[in-house]
Amino acid sequence: MSTLQIQSIRALSELIKDRRSIRAFRTDPIDTDLITDLLNVAVWAPTHGLREPWRFILYKGDARKPLAEAMIRTYTAEEKERLAQQKLDYFMQIPAHLIVVMKEDPRQKQWEEDYACVSCLIQNFQLAAWEVGIGVVWKTNPFIHNPSFREAAGVQPGEKIVGLLHIGYPEQVPAGRPRTDAREKLTIKETI
Ligand SMILES: Cc1cc2nc3c(=O)[nH]c(=O)nc-3n(C[C@H](O)[C@H](O)[C@H](O)COP(=O)(O)O)c2cc1C
């Protein structure tokens with residue numbers, strides 16, 4: 001049975017505007033069943049041809065360490081000296097890391113559709129998580145393209161990492177930065 005029993009009383013538009021990318025997390029663990037329930041909401045993203053080109057790799061507990069070490073191995077000597085311990089500590093105190101992977105279609109049109117739908121899936125996941133009080137940040141650090149990191153993470157040739165998601169209960173929620181009014185970017189054509 002789904003663990004998502006919370007009845008939302010907030011309008012979807014409020015949820016969308018209220019969600020923030022979270023970068024400071026509490027260490028409280030997140031149940032794996034809850035993450036899979038959230039993913040099962042997220043997979044209702046639009047997907048052309050019902051290709052569902054996504055796959056997920058979830059890192060929790062001790063398995064976070066080799067992933068963090070693989071990330072640190074991609075650093076320069078100077079970065080390792082300066083940042084390694086701090087990054088390792090940060091990575092290890094976040095309860096869960098989810099790698100969202102897309103199967104890369106060699107055809108451009110399908111590739112673009114698939115990248116778009118995996119992005120929709122990630123936003124669905126962020127919103128579903130936010131609804132139950134869980135924070136997420138979608139990361140696209142340079143190391144996600146590094147072959148040694150990809151291999152250590154379990155990503156196969158022909159797959160693209162669309163996002164590394166850090167997941168946990170928020171320790172701090174940043175203020176939202178205002179968006180430009182859509183009217184400033186809207187061209188309306190009504191008459192000929
Ligand atoms: C495709 C994509 C990649 C992102 N990559 C990063 C990242 O590498 N590091 C990071 O701190 N935030 C990343 N973010 C989160 C954005 O920085 C964040 O959405 C933006 O600052 C607006 O904040 P908000 O999500 O709280 O509204 C990414 C967001 C998207 C959509």
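Quick rundown of the values:
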| item | result |
| --- | --- |
| Among (1) over 25 Å from His145 (Cα atoms); (2) open to solvent by 70 Å² or more (accessible area, probe 1.4 Å); (3) within 16 Å of the chain's Cα centre (by Cα), the one test that Thr32 misses | (2) |
| Val136 being in contact (Cβ under 8 Å) with a residue 60 or more places away in the chain, within 14 Å of the ligand (Cβ to nearest atom), farther than 20 Å from Gln172 by Cβ and aliphatic (A, V, I, L, M) | no |
| The stretch 47-62: number of residues that are open to solvent by 80 Å² or more (accessible area, probe 1.4 Å) and under 17 Å from the mean Cα position of the chain (by Cα) | 2 |
| Number of the condition not met by Ala84 [criteria: (1) within 16 Å of the ligand (Cβ to nearest atom); (2) in a helix (DSSP H, G or I); (3) open to solvent by less than 30 Å² (accessible area, probe 1.4 Å)] | (1) |
| Only listed residue being closer than 17 Å to Phe125 by Cα, free of Cβ contacts under 8 Å to residues at least 12 places away in the same chain and away from the ligand (no atom under 16 Å from the Cβ), chosen from Thr32, Thr36 | Thr36 |
| Test for Glu69: is it at positive phi, open to solvent by 60 Å² or more (accessible area, probe 1.4 Å) and at pLDDT 95 or above | no |
| Hey, Val43 touching a residue at least 40 places away in the same chain (Cβ under 8 Å), of a type in the set (Val, Ile, Thr), within 16 Å of the ligand (Cβ to nearest atom) and open to solvent by less than 70 Å² (accessible area, probe 1.4 Å) or not | no |
| Strands (runs of 3 or more DSSP E) lying entirely in the stretch 100-192 (those with 1 or more residues that are aromatic (Phe, Trp, Tyr) and surrounded by 14 or more Cβ atoms within 10 Å (Cβ to Cβ)) | 135-139 |
| Where Pro157 falls short, out of the listed (1) touching a helix residue (DSSP H, G or I) at 6+ places or on another chain (Cβ under 8 Å); (2) farther than 13 Å from Ser21 by Cβ | (1) |
| Condition met for Asp37 (open to solvent by 40 Å² or more (accessible area, probe 1.4 Å) and either in a helix (DSSP H, G or I) or of a type outside the set (S, T, N, Q) (or both)) | no |
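Quick grid of which residues meet (1) touching a residue at least 60 places away in the same chain (Cβ under 8 Å); (2) within 13 Å of the ligand (Cβ to nearest atom); (3) of a type in the set (A, V, I, L, M, F, W, C); (4) over 30 Å from Asp105 (Cα atoms):
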position: Ser148; (1), (2), (3), (4): yes, no, no, no
position: Gly163; (1), (2), (3), (4): yes, yes, no, no
position: Pro170; (1), (2), (3), (4): yes, yes, no, yes
position: Arg183; (1), (2), (3), (4): no, no, no, yes
position: Thr191; (1), (2), (3), (4): no, no, no, yes
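The values are calculated or read from the model by the stated rules, or taken from the named source; none is laboratory data. Here the structure is a predicted model, which is why all the values come from computation and not from measurement. Note that each Cβ is placed from the backbone with ideal geometry, even for glycine, and that neighbours are counted across all protein chains shown. SASA here: full protein model, heavy atoms, side chains in, ligands and nucleic acids out. Shrake-Rupley method; radii C 1.70, N 1.55, O 1.52, S 1.80 Å.
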